[in-house]
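Below: one structure, written as structure tokens.
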Amino acid sequence: MPRTGLVYHTDYLKHDPGEHPEVRERLGAILDSLDKFGLLDELEHLTPRRATEEEVALVHDPAYIEKISRMAASGGGMLDEDTVVSPATYEVAMLAVGGVLTAVEKVMAGEVDNAFALVRPPGHHAARGRGMGFCIFNNIAVGASFLLQRYGLEKILIVDWDAHHGDGLQSIFYEEPRVLYFSVHQDGIFPYKGWINEIGAGPGEGYNINVPVPKGTSDAGMYYIFTQLLEPVVERYKPQFIFIACGTDAHFYDYLSNLEITAAGFGRMTRHVMDMARTFCQGRVVAALEGGYNLESLGTSVAAVINEMGSFGRDIQDSILPPPNIMRPQVRLRIDEAIQFQRRIWKF
Ligand SMILES: [Zn+2]
């Protein structure tokens, strides 16, 4: 059985956006759920280290890092109408990046086979010089850059199944062929980006894959995307390391999207990623928490993900009856369009 690490620190609770969806209680809900399903004692508990300014600067402009530091030190403020810097935010965000780096280091050292970084604030909207969409520093982007820099890896896959497009991740790696960014997200919601024809640029051309999907995509749609698009691409790309940008706001019970994914669906998506990781990169996977705002579905969904990462074999289902898991014709049409488009690029 694989050894699965869980990165967590109570300091992650100190980032305080006030009246906001991205609350500290999210992490408690996940820990409670892991406990409820008997998973908490099965995990290797990893204490995150703080990232250094130099490490965060692998991705972010030094002036932006400095800006967050000064803002927090002077009592906090707003980066945009949704993104709050509280007095503790700078240090917590450094520890969130450090959480992903810790997970990466432990996996690369073989101390664990894979790891889940239970961090906040989230990261996937943060661009080089700008935080937005609840995100301060791009935790996974720094993790991927760290793997390029420190370990000399050349093929890193990021699978982003948060309901929102990870525009920060896309922009950071848009011209980078060593990082393949794959995002499936709901069309027409925040950040109103992530179009199908954004395929990367320069040497990074072809290494950015967007699958914008409509309302009601459901587990059936995700299964179709994973088997008909992600797996054939991965067979060609042969990643050396896989990140999951693990937002659970695509869950049917989450109020920030309408994709109608179930907790069991997140589990199955994880199983696909783990299978690919075993085939191509010795099972090396680091998942990091992104969105997910309904506390119940967040807890159950992350438990379903971790259940598959560690092959724990628990039966994890939502306590609420899910909507019908059917492939709607308009969903099929839109996904087929994305698959046809990528087939021309990836020639599978
Ligand atoms: Zn999201």
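All of the numbers you see were taken from the coordinates with simple rules; none came from a lab. Owing to the predicted nature of the structure, the values given are computational and were not obtained by experimental measurement. Glycine gets a Cβ as well: all are built from the backbone with ideal geometry, and neighbour counts include every protein chain shown.
Numbers for the structure displayed
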{"item": "Ellipsoid semi-axes in whole angstrom, largest first, where each is sqrt(5λ) of the Cα gyration tensor of the chain", "result": "27, 23, 21"}
{"item": "Average projected area [Cα convex hull, region 75-146], square nanometres", "result": "4.8"}
{"item": "Region 209-318, relative contact order in percent, only Cα pairs under 8 angstrom and at least six apart counted", "result": "31"}
{"item": "Mean-position separation - Cα centroids, region 158-234 and region 263-295, in angstrom", "result": "15"}
{"item": "Count, lysine Cα pairs under 23 Å in the chain, 8 or more residues apart or across chains", "result": "7"}
{"item": "Ranking of ILE225, ILE339 by count of other Cβ atoms within 10 Å, fewest first", "result": "ILE339, ILE225"}
{"item": "C-alpha center-to-center spacing [region 120-150, region 83-113] in angstrom", "result": "10"}
{"item": "Sequence-separation-based contact order of region 4-346, relative, with Cα cut under 8 Å and 6+ spacing, percent", "result": "18"}
